[in-house]
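Q: Have a look at this one.
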Amino acid sequence: MAEDLTRRALLGAAGAAAVAGAASEVAAATEGKEAPKAGPIKIVGLSTSPRKGKTTAAALQVCLDAAKAVGPNVEVELIELAGKNIPVFDPAAPGSGDFDQVAAKLTDPKVGGIILGTPVYFSGMSSLAKAFLDQCMACRKSNFALANKVGGALAVGGVRNGGQELTIQSVQAALLCQEMIVVGDARPTSHSGATLLNTGDDISGDEFGLSTAKNLGRRVAEVALRIAGTAR
Ligand SMILES: Cc1cc2nc3c(=O)[nH]c(=O)nc-3n(C[C@H](O)[C@H](O)[C@H](O)COP(=O)(O)O)c2cc1C
């Protein structure tokens, strides 16, 4: 019993050290970056599909095009995690692969909004999305480096009503843990985010889903601009 407790204490200490290490990497990457007083903001689309350039990335690009159309001071960037090394988060084992490099981009003060896109895998987010969101523990430990950025969620499924809404809700719950400001899609669709249907690796026929993607991109950009105007 005593031995078990000691082992647990040791594992806990190792886990804390691992998180502290990743957090200091994120802190180092963001250190010295001053929030611009004026100037453009950036909206990032983060695809967590293991398949590069497929429907999740395509749907995010629709969001980003709509975000860019909000005004000349909105820049956009699509980041795909496909092919990157984002390990399963293990508090007891150090090593966060390519996470720090992606986190440095997301925590840049110029980034006003992040839209996380995921394929629906058995009515939930992809394991890549979950691994990434768990690795974001380092952002929390680094003085909540993602706080007050606007967050949106997008899910593409192969079936209508295949779990898209459930999936985006679980992504949003994780974004709330980062003190992000979570928004849904703007009018006229105005629900919890972007929900799309993939038919044969093609989303172009999903008129309603594409509307939700456009309206999410617009909403994220509009709210991010409001925050930038008041808080910077
Ligand atoms: C392991 C696995 C589980 C899936 N589960 C679902 C599901 O529960 N509901 C659904 O609508 N589609 C499901 N799909 C289909 C994908 O969500 C769909 O093909 C998606 O567009 C893939 O995104 P991508 O093109 O970016 O890879 C699943 C696909 C895989 C590989």
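The values are calculated or read from the model by the stated rules, or taken from the named source; none is laboratory data. As the structure is a computational prediction, the values presented were derived from the model and not from experiment. Cβ atoms come from the backbone with ideal geometry, glycine included; neighbour counts cover every protein chain shown. All accessible areas refer to the heavy atoms of the entire protein, side chains included, with ligands and DNA or RNA removed. Shrake-Rupley method; radii C 1.70, N 1.55, O 1.52, S 1.80 Å.
Q: For the range 26-53, what are the residues that are at pLDDT 95 or above and within 27 Å of Ser126 (Cα to Cα)?
A: Result: Lys42, Ile43, Val44, Gly45, Leu46, Ser47, Thr48, Ser49, Pro50, Arg51, Lys52, Gly53.
Q: Shifting gears a bit: For the list (1) farther than 18 Å from Ser47 by Cβ; (2) in contact (Cβ under 8 Å) with a residue 24 or more places away in the chain, I need the number of the one condition that Ala173 fails.
A: (2)
Q: Return yes or no: is Ile115 under 12 Å from the mean Cα position of the chain (by Cα), part of a strand (DSSP E or B), at pLDDT 95 or above and β-branched (Val, Ile, Thr)?
A: For Ile115, the condition - under 12 Å from the mean Cα position of the chain (by Cα), part of a strand (DSSP E or B), at pLDDT 95 or above and β-branched (Val, Ile, Thr) - is met.
Q: While we're looking at this one, here's another question. When the residues of the range 178-207 are filtered to those that are more than 16 Å from the ligand (Cβ to nearest atom) and touching a residue at least 40 places away in the same chain (Cβ under 8 Å), which remaining residue is farthest from Ala67 (Cα to Cα)?
A: Across the range 178-207, the extreme among qualifying residues is Gln178.
Q: Can we say Ala104 is in a helix (DSSP H, G or I), open to solvent by less than 10 Å² (accessible area, probe 1.4 Å) and more than 16 Å from the ligand (Cβ to nearest atom)?
A: No.
Q: When the residues of the range 172-210 are narrowed to those that are in a loop (DSSP other than H, G, I, E, B) and β-branched (Val, Ile, Thr), which ends up farthest from the chain's Cα centre (by Cα)?
A: Thr199
The rows are residues; the columns are (1) among the charged types (D, E, K, R); (2) touching a Phe, Trp or Tyr at 6+ places or on another chain (Cβ under 9 Å); (3) open to solvent by less than 10 Å² (accessible area, probe 1.4 Å).
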residue: Gly39; (1), (2), (3): no, no, no
residue: Ile43; (1), (2), (3): no, no, yes
residue: Arg51; (1), (2), (3): yes, no, no
residue: Cys63; (1), (2), (3): no, no, yes
residue: Leu78; (1), (2), (3): no, no, no
residue: Val88; (1), (2), (3): no, no, no
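Q: Follow-up question, since we're still on this one. Since Leu210 meets every condition but one in (1) open to solvent by 10 Å² or more (accessible area, probe 1.4 Å); (2) under 21 Å from Pro50 (Cβ atoms); (3) within 16 Å of the ligand (Cβ to nearest atom), which condition does it not meet?
A: That leaves (2) as the condition not met.
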